[in-house]
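Comments concern the structure below.
Only the coordinates and a few stated rules stand behind these numbers; no lab work does. Quantities reported herein were computed from a predicted structural model and do not represent experimental measurements. Heads up, the Cβs are rebuilt from the backbone with ideal geometry, glycines too, and the neighbour counts pull from every protein chain shown.
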Amino acid sequence: MASGPPYTPVVRSGEWIVVSGQIGLGPDGLADGMAEQLRVALSNLEALLADQGATVADVVKTTVFLTTMDDYAEMNEVYLDTFTGTPPARSAVAVAALPLGALVEVEAWARIGAD
């Protein structure tokens, strides 16, 4: 049996690309603070999209999970650094906890090849 998480980080089905929840985990571990974790998580998301020939401009829906809604305003500021122009549809929810003690997690749905 393979080790690692029991999910696939990115799945493509025709025009659709689904990116599993990304946390702010980089080569040196989990980033410090919510804002930096979100930056790393969004960078991870961008890399997974690029592997499928997509960009954040192709994202039509995201879900952001926060461990506290006290971070909501700061999350919005950081989020808009990545999703410029008209941002995708989004849900933002508070959760009790996230993997590895993360403060924020982002999942996304993207669509390419059709208008």
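A few notes on this one:
- The sum of -39500 (n - 2.57) across all DSSP H runs of n ≥ 4, divided by the residue count of the chain, sets its helix-only mean residue ellipticity at 222 nm to -8500 deg cm²/dmol.
- Sorting Phe65, Phe83 from the fewest to the most surrounding beta carbons within 10 angstrom yields Phe83, Phe65.
- A simple spin-label model places the labels of Ala47 and Val60 2.7 nm from each other, with each point 7 Å out along Cα-to-Cβ.
- Distances between every pair of Cα atoms in the chain, grouped in 5 Å steps from 0 to the bin holding the largest one, split as 2, 12, 23, 24, 19, 12, 5, 2, 0 percent.
- Computed over the chain: relative contact order in percent, which uses C-alpha pairs under 8 Å that are six or more apart: 37
- Counting Lys and Arg as +1 and Asp and Glu as -1 over every other residue whose Cβ lies under 11 Å from the Cβ of Ala54, the net charge comes to -2.
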